[in-house]
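Trainee: Please see the structure below; I have some questions.
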Amino acid sequence: MFDIWFSHSSDRGGTWSQPVKVNSDKGTHYFPWIAAGSTGRVVFIWLNSPDYTPADVEQSPWYTTFAQTTNGTAAVPRFAQTSASSNVMHVGGICTNGIFCSLNDGNRDLADSISIAIDRGGSAALAWTDQGRVLHGPTHITYGCNTSQQSAYAGANQGLSCKGPAQK
């Protein structure tokens, strides 16, 4: 229903490729963030629930997902997807109506806090709000450094991964 799609331009936005679905699972996918590395290398993070209408506390677990492509400029890029969160990071609905969530008691517990960056070793540095399985429970920010896939920077020293920001 709500999937993550990717399109690229090789001429600075003059023309765009056909959109390609990034996620390989079914369900609902919200709040995608991306970061680009070397040509064709892109990393993604988003929230996902296997539920197509995620509003029920018991039936709507949410997880954080990571994906990467190293051939993003291909006609049909391939994506490697993996879980970023090892456990449920939220339950129930997530309101996507912005400031209007307060009008219908929409759940804004996560505060749209999700982000991705590429570190100097080419690994993805991930951050997201985590609430666990407690509806309206306390939140904290979780950080993860994904070294399980290829470097987002061609030729990067992966020994520098998870040790700080990229050097410009």
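No lab work stands behind these numbers, since they all come straight from the coordinates. Model, not experiment: these values are computed from the prediction. Quick reminder, even Gly has a Cβ in these numbers, built from the backbone with ideal geometry, and neighbours come from all protein chains shown.
Trainee: Find the residue count for segment 88-120, including only residues that are touching a strand residue (DSSP E or B) at 6+ places or on another chain (Cβ under 8 Å) and farther than 30 Å from GLY155 by Cβ. Spell out how you get there, then give the answer.
Mentor: Kept after step one, since they are touching a strand residue (DSSP E or B) at 6+ places or on another chain (Cβ under 8 Å), are these residues of segment 88-120: 88-91, 94, 96, 109-120.
Okay, now just the ones that are also farther than 30 Å from GLY155 by Cβ, so 88-91, 94, 96, 109-113.
Residues that pass the stated criteria total 11.
Trainee: Scanning segment 1-36 for residues that are among the aromatic types (Phe, Trp, Tyr) and within 13 Å of THR73 (Cβ to Cβ), which turns out surrounded by the most Cβ atoms within 10 Å (Cβ to Cβ)?
Mentor: We begin by selecting, within segment 1-36, every residue among the aromatic types (Phe, Trp, Tyr); these are 2, 5-6, 16, 30-31, 33.
With the extra rule that they be within 13 Å of THR73 (Cβ to Cβ), the set shrinks to 6, 16.
On the way: PHE6: 18, TRP16: 11.
Going through the qualifying residues, I end up with PHE6.
Trainee: Here is a follow-up. Take LEU103 and tell me if it is touching a residue at least 60 places away in the same chain (Cβ under 8 Å) and over 30 Å from LEU160 (Cα atoms).
Mentor: Values: touching a residue at least 60 places away in the same chain (Cβ under 8 Å): no; over 30 Å from LEU160 (Cα atoms): yes.
So LEU103 does not fit the description; no.
Trainee: Can you tell me which residue is farthest from ASP119 (Cα to Cα) among those in segment 37-56 that are surrounded by 15 or more Cβ atoms within 10 Å (Cβ to Cβ) and of a type in the set (A, V, I, L, M, F, W, C)?
Mentor: As a first pass, look at segment 37-56 and keep what is surrounded by 15 or more Cβ atoms within 10 Å (Cβ to Cβ): 37-38, 40-49, 51, 54.
From what is left, the residues that are of a type in the set (A, V, I, L, M, F, W, C) are 42-47.
Working: VAL42: 13, VAL43: 12, PHE44: 14, ILE45: 15, TRP46: 18, LEU47: 21 Å.
Looking at the filtered set, the residue picked out is LEU47.
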